[in-house]
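One structure below.
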Amino acid sequence: MTVIRQMTYQPVGRRAAAVDTLTFDRLRELNDGGTQRADFHVLALVDAGHGSVTVDFLRHPLQERSAVWVTPGAVHRWDDIVDVAGHVVLFMPTAPVTHATRQLVASPDLVAHWRIPDADQPFVDAARDHLLLEASAPPGDAPTELPGILLSALIARLRPPHAQARADHPVFRLFRASVEAHFREHHDAGYYARTLGYAPRTLTRAVRQVTGRSAKAYIVDRLVLEAKRLLAHDRLTAAACAHTLGFPDPSNFSVFFRKATGMRPGAWQATMTAP
């Protein structure tokens, strides 16, 4: 199984695994105050205290009985966790073992933060406690599939909110997956219509039905999000962003970014590092 290692996050269990856990006490020791961008899921459960976390440039409050889900690739920063208590579960996208939970973690429509309903809390606590107990077992003491099974139970009990309509719309589902795979090379909605075998009008109607926006606007939003991630976390220049995102030249990218955000790439990047 894949060992989780990325920036602030380090394996804390006794064995390398696709699922790992740490407390907020340990997270505070590791946290350097900078942005993080992991290639695995970061799921935090807050038991007590107040703080905040920024996920893809939106700030969310941390409070008792709340959860935070950071999907792979999202830029996030733990802003204020001085008195927060709870646990963080780190897991690879392939770690859940049930079909339903694998589908759920693959959805890009999961919200980053939500309150756990009172009625659900005892079940969430029990599922988490079992996962934590298994994580503390000596290497080779139990079947290797148990962490994935217990993670799936925790995810199922958490029932993270997501836009169910998006997951159920077949045309949009195909479009969304294709955009995620090819947005760096193809910025034209017509490419996706041709590739998926739909008339441009059919594709636009499906995307608008789900998102309220056109297919082109959806692609623009995805490009802007990735550009912000590259500028804020990777600290790429506008020229490097243009190259990475498939723009013909830096000036073209700069015009695109300014039209979408109201700021030039360099100016926006400076706001991310201002004290």
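The values are calculated or read from the model by the stated rules, or taken from the named source; none is laboratory data. Since this is a predicted model, take the numbers as computed values, not measurements. When we count neighbours, we look across all protein chains shown, and the Cβ atoms used for this are built from the backbone with ideal geometry, even at glycine.
Please specify each residue of the range 224-239 satisfying the condition of being under 23 Å from the mean Cα position of the chain (by Cα) and either of a type in the set (Gly, Ala, Ser) or over 19 Å from GLN36 (Cα atoms) (or both). ALA227, ALA232 - these are the residues of the range 224-239 that are under 23 Å from the mean Cα position of the chain (by Cα) and either of a type in the set (Gly, Ala, Ser) or over 19 Å from GLN36 (Cα atoms) (or both). Taking residues in the range 171-196 that are touching a residue at least 40 places away in the same chain (Cβ under 8 Å), and partners anywhere that are outside any helix (DSSP H, G or I) and surrounded by fewer than 15 Cβ atoms within 10 Å (Cβ to Cβ), the pairs with Cβ atoms closer than 6 Å and at least 6 places apart or on different chains are ARG184/GLY246; GLU185/GLY246. The numbered conditions (1) closer than 22 Å to ALA177 by Cβ; (2) over 11 Å from the mean Cα position of the chain (by Cα) are all true for PRO72 except (2). Screening the range 138-208 for helices (runs of 4 or more DSSP H) wholly inside it with 3 or more residues that are at pLDDT 90 or above and surrounded by 15 or more Cβ atoms within 10 Å (Cβ to Cβ) returns the ranges 146-158, 170-182, 189-196.
The residues in the range 224-240 that are surrounded by fewer than 19 Cβ atoms within 10 Å (Cβ to Cβ) and either in a helix (DSSP H, G or I) or in contact with a Cys (Cβ under 7 Å, 6 or more places away or on another chain) (or both) can be counted, and the count is 5. Among the residues of the range 115-137, the ones that are surrounded by fewer than 17 Cβ atoms within 10 Å (Cβ to Cβ) and modelled with pLDDT of 90 or more come to 14 in all.
Just one of (1) modelled with pLDDT of 95 or more; (2) charged (D, E, K, R); (3) under 24 Å from LEU146 (Cα atoms) fails for ASP20. It is (1). Among the residues making up the range 24-52, none is within 14 Å of ARG77 (Cα to Cα), part of a strand (DSSP E or B), over 13 Å from the mean Cα position of the chain (by Cα) and not small (Gly, Ala, Ser).
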